[in-house]
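Some notes on the structure that comes next.
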Amino acid sequence: MVAKPFMDEALFEAERAAARGEVPVGAVLVDTVSGEVLAQAGNRVEELSDPTAHAEILVIREAAARLKAPRLPNADLYVTLEPCAMCAAAVSFARIRRLYFGAYDPKGGGVEHGARYFQQDTCHHAPEVVGGVEEVRAGRLLKGFFAARR
């Protein structure tokens with residue numbers, strides 16, 4: 001599966017999140033067999049007053065409910081920012097096959113930075129990880145969002 005078109009959709013969701021005043025992170029979850037988009041979302045933390053309403057969590061919840069399955073082994077996740085430790089744990093518990101992410105997050109990331117969740121002995125499932133997909137675009141969107149708030 002080619003990563004760019006799905007990351008483009010994730011970036012669109014991130015832009016929509018920014019327009020709502022949310023940190024601009026978007027995610028798309030794709031069925032690896034059919035190529036169908038199972039769910040897509042942007043952050044909704046502020047809107048829902050829910051600290052767990054990260055884009056990754058929202059798409060995992062939606063796809064699991066849609067498929068009536070707590071595990072999604074035939075799904076790939078595309079997200080615009082390196083997932084935090086909470087989202088990395090959700091990816092692991094959902095048994096997602098592959099994680100593609102855009103910008104690296106040295107401060108809050110939980111995959112390549114911080115907790116490095118998938119490298120822990122207690123991690124039940126580690127997906128294949130591909131970082132830096134559309135990294136410049138994703139990073140520019142985040143930097144612009146935060147610069148406008150300073």
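A short reminder: the numbers here are calculations on the coordinates, not readings from a lab. The shown structure was predicted, so the numbers you read here are calculated from the model rather than taken from an experiment. Cβ placement follows ideal geometry from the backbone for every residue including glycine, while neighbour counts extend to all protein chains displayed.
The table below lists the values:
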{"item": "Estimated [θ] at 222 nm from DSSP helical runs (n ≥ 4, -39500 (n - 2.57)) normalised by residues in the chain, nearest 500", "result": "-12000 deg cm²/dmol"}
{"item": "DSSP-loop trypsin sites (Lys or Arg not before Pro) across region 15-73, with at most 11 other Cβ within 10 angstrom", "result": "68"}
{"item": "Percent RCO, i.e. relative contact order, over the chain, from Cα pairs under 8 Å lying at least 6 residues apart", "result": "20"}
{"item": "Compactness of the chain, expressed as Rg and Dmax over alpha-carbon positions, Å", "result": "14.0, 44"}
{"item": "Summed side-chain charge close to residue 33 - residues other than residue 33 whose Cβ falls under 14 Å, Lys, Arg +1, Asp, Glu -1", "result": "-1"}
{"item": "Orientation-averaged projected area, Cα convex hull of region 98-150 (nm²)", "result": "4.1"}
{"item": "Candidates per trypsin sites (Lys or Arg not before Pro) in region 93-129, loop by DSSP, up to 14 other Cβ within 10 Å", "result": "107, 116"}
{"item": "Gap separating the Cα centres of region 101-150 and region 43-98, nearest whole Å", "result": "14"}
